[in-house]
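Q: Questions regarding the structure given below will be posed in turn.
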Amino acid sequence: MSPGSSPFDYHSSKVIKGTTSNVLDGKKIVLCITGSVAAVECPIIARGLMRHGAEVYGVMSPAACNLVHPYLIEWATGNRVITHLTGQVEHVSLGGQSPGHADLILVAPATANTISKVANGIDDTPVTTTISTAFGAGLPILMVPAMHETLYRHPIILENIEKLKSHGIVFIGPRMEEGKAKIARTDSIVNKVIDILTKNKDMTGLHVLVTGGPTREYIDTVRFISNPSSGKMGVAVAEEAAARGAKVTLVYGVGMTSEPPIDLKCIPVVTAEDMMNVVLNEMKTCHCHIFVGTAAVSDYTPVQKVNTKIPSGQKALSIQLKPLPRIVQAVKEESPDTFVIGFKAEFNVPEMELIEKAYRRVKEVGLDLIVANDVSKEGVGFSTDTNEVYIVDPDKQVTHVSLASKRNIATRIFDVALEEYNNKKGKVKERIEAEEKA
């Protein structure tokens, strides 16, 4: 502490800033809190943003103050909370065009009342006035609805949401559960903020098809062969592609423990055959530019499934298995122009052997890229939030991505993939032009 400074000049709650990443370092986010019971999630949301380096300022409506005390939000953010507007014109300082204004206005939770007021230019709380000021200043605004499902289904509310979307306001959620339109998950909100403030739209116009999670191969009516894939890598890849402007479809195994993204087209499947059929149908019905096969698809299935429950207590039970066709190979055969990215997991192998096996798979199937990892390592692969991968191309060029969050891994995969994709597209164009001249 410098001489003469106050012990209250720096709030102790801010020690968490940047402890996860610095991707939001220097970014100022206004967290507008309205009168939904989901306001209890706001301290967690605020601190999630702070852990990525953001400075967070709370603005609360009178209804929100009846549910969550402003002192709690002050503790969570380390900043004074605005509960009413004063001669300091806080709404202009934060939401206007003055120096030091916010980089993003996050309305979480956003009630039906607040959504409708903003849609109709009504400013009667610190929250609505701050939003309207930001609206006029052209600042990014992200709304996270939370209310009873019947309110959310109200046609006028839906019209107001569409009206705000048409004016550039971004919405995430809600999650429909237990008759309620619940606030989106905290990690989804944090990731969406990161996407808005940091991602360029270099995949706009591309359709990306992603598979994720495990498949199940049934032995009888209740028992099946599967694996511990959580689907987290598939979700991360799908969210990254969407953040970069792509149209995304995620085909996922119902056994995955990661929740599928609520704002993307997601299709659940059970068996490897189901996944194959859905993927090929998607390939036929909509042009797919990039396919990413992160799913841990079963390699084998029982030759014969018993259509009842096999009695327990038997001394021995033999199950004959047969190999299953590879989805990535079927995709390449169905659509040779699609850029196909495969995944390959190995267990406890030397680095060079991992790369060599991955490269052989590239050549065997004709993949455009493959992402390989060794799931025996701590923090790598199944059911973890992190991964370490080797990205191998047809020329055996290797990009090593050391241990990082799966979302960061997804970012690096697309960084490499887009360079390869654009190079490939350029070569095809040159070939066509040469053939036309000939």
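Q: Considering only residues that are not in a strand (DSSP E or B) and not small (Gly, Ala, Ser), look in the range 203-218 and name the one that is surrounded by the fewest Cβ atoms within 10 Å (Cβ to Cβ).
A: Out of the qualifying residues, it is Thr204.
Q: Being closer than 23 Å to Thr19 by Cα, crowded, with 20+ Cβ neighbours inside 10 Å and either at pLDDT below 95 or not polar (S, T, N, Q) (or both) narrows it down to one of Glu74, Glu90, Glu41, so name that one.
A: On inspection, the qualifying residue turns out to be Glu41.
Q: May I pose another question? Consider the range 165-182. How many of its residues are assigned to a loop (DSSP other than H, G, I, E, B) and either within 18 Å of the chain's Cα centre (by Cα) or under 30 Å from Gly136 (Cβ atoms) (or both)?
A: Total meeting the criteria: 6.
Q: Taking the options Ile370, Ile355, name whichever one is under 18 Å from His289 (Cα atoms), in contact (Cβ under 8 Å) with a residue 24 or more places away in the chain and assigned by TED's automatic domain parsing to the domain that holds Asp299.
A: Details: Ile355 fails: under 18 Å from His289 (Cα atoms).
Only one candidate passes the filter, namely Ile370.
Q: While we're here: Given the options Ser93, Ser13, name the one that is touching a residue at least 40 places away in the same chain (Cβ under 8 Å) and either among the hydroxyl-bearing types (Ser, Thr, Tyr) or part of a loop (DSSP other than H, G, I, E, B) (or both).
A: On the way: Ser93 fails: touching a residue at least 40 places away in the same chain (Cβ under 8 Å).
That would be Ser13, the only listed residue that is touching a residue at least 40 places away in the same chain (Cβ under 8 Å) and either among the hydroxyl-bearing types (Ser, Thr, Tyr) or part of a loop (DSSP other than H, G, I, E, B) (or both).
Q: Here's a check for you: in the range 232-272, which residue that is among the hydroxyl-bearing types (Ser, Thr, Tyr), farther than 23 Å from Val416 by Cβ and at pLDDT 95 or above is surrounded by the fewest Cβ atoms within 10 Å (Cβ to Cβ)?
A: Top of the filtered list is Thr271.
Q: Which numbered condition trips up Lys315, out of (1) assigned to a loop (DSSP other than H, G, I, E, B); (2) in contact (Cβ under 8 Å) with a residue 40 or more places away in the chain?
A: Going through (1) assigned to a loop (DSSP other than H, G, I, E, B); (2) in contact (Cβ under 8 Å) with a residue 40 or more places away in the chain one by one, Lys315 breaks only (2).
Q: Could you check Thr128 against (1) surrounded by 21 or more Cβ atoms within 10 Å (Cβ to Cβ); (2) in contact with a Leu (Cβ under 9 Å, 6 or more places away or on another chain); (3) among the β-branched types (Val, Ile, Thr) and say which number it fails?
A: (2)
Q: Something else about it: Hey, can you tell me all the residues within the range 96-119 that are part of a loop (DSSP other than H, G, I, E, B), touching a residue at least 12 places away in the same chain (Cβ under 8 Å) and either farther than 16 Å from His154 by Cβ or not assigned by TED's automatic domain parsing to the domain that holds Val193 (or both)? Spell out how you get there, then give the answer.
A: Narrowing the range 96-119 to residues part of a loop (DSSP other than H, G, I, E, B): 96-103, 111.
Now drop any that are not touching a residue at least 12 places away in the same chain (Cβ under 8 Å), which leaves 96-97, 100-103, 111.
Those that are part of a loop (DSSP other than H, G, I, E, B), touching a residue at least 12 places away in the same chain (Cβ under 8 Å) and either farther than 16 Å from His154 by Cβ or not assigned by TED's automatic domain parsing to the domain that holds Val193 (or both): Gly96, Gln97, Gly100, His101, Ala102, Asp103.
Q: Something else about it: May I ask you to verify whether Ala238 is of a type in the set (A, V, I, L, M) and farther than 24 Å from Ile413 by Cα? Full working, then the answer.
A: Numbers: of a type in the set (A, V, I, L, M): yes; farther than 24 Å from Ile413 by Cα: no.
When the stated conditions are applied, Ala238 does not pass them.
The rows are residues; the columns are (1) free of Cβ contacts under 8 Å to residues at least 40 places away in the same chain; (2) over 18 Å from Cys266 (Cα atoms); (3) touching a Pro at 6+ places or on another chain (Cβ under 9 Å).
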residue	(1), (2), (3)
Pro174	no, no, yes
Gly179	yes, yes, no
Ile183	no, yes, yes
Thr186	no, yes, no
Ile189	no, yes, no
Asp195	no, yes, no
Lys199	no, yes, no
Val208	no, no, no
Thr221	no, yes, no
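Q: Let me ask something additional. If I filter the range 76-90 down to residues being among the β-branched types (Val, Ile, Thr) and touching a residue at least 40 places away in the same chain (Cβ under 8 Å), which single residue comes out as farthest from Ile196 (Cα to Cα)? Reasoning before the result, please.
A: Step one: filter the range 76-90 for residues among the β-branched types (Val, Ile, Thr), giving 77, 81-83, 86, 89.
With touching a residue at least 40 places away in the same chain (Cβ under 8 Å) added as a condition, the list becomes 77, 82-83.
On the way: Thr77: 21, Ile82: 24, Thr83: 26 Å.
By that ranking, first place goes to Thr83.
Q: Sticking with this one: What number of residues within the range 139-152 are surrounded by fewer than 17 Cβ atoms within 10 Å (Cβ to Cβ) and within 25 Å of the chain's Cα centre (by Cα)?
A: 2
Q: Would you mind listing the strands (runs of 3 or more DSSP E) fully within the range 225-308 where at least 1 residues are of a type in the set (S, T, N, Q) and free of Cβ contacts under 8 Å to residues at least 60 places away in the same chain?
A: Working: elements: 247-253, 265-269, 290-293, 300-302.
Result: 247-253.
Q: A follow-up question, please. Which one of Gly53, Gly87 is assigned by TED's automatic domain parsing to the domain that holds Gly18 and at negative phi? Show your work before the answer.
A: Numbers: Gly53 fails: at negative phi.
Just one listed residue meets the conditions, Gly87.
Q: Does the range 27-37 include one or more residues that are more than 27 Å from the chain's Cα centre (by Cα), closer than 23 Å to Val190 by Cβ and surrounded by 23 or more Cβ atoms within 10 Å (Cβ to Cβ)?
A: no
Q: Can you tell me which of Arg185, Arg175, Arg223 is farther than 30 Å from Thr83 by Cα and not acidic (Asp, Glu)? Before you say what the answer is, go through the steps one by one.
A: On the way: Arg185 fails: farther than 30 Å from Thr83 by Cα; Arg175 fails: farther than 30 Å from Thr83 by Cα.
The conditions single out Arg223.
The values are calculated or read from the model by the stated rules, or taken from the named source; none is laboratory data. This structure is a prediction, so every number in the text was calculated from the model and none was measured. Reconstructed Cβ throughout: ideal geometry from the backbone, glycine too, with neighbour counts over all protein chains shown.
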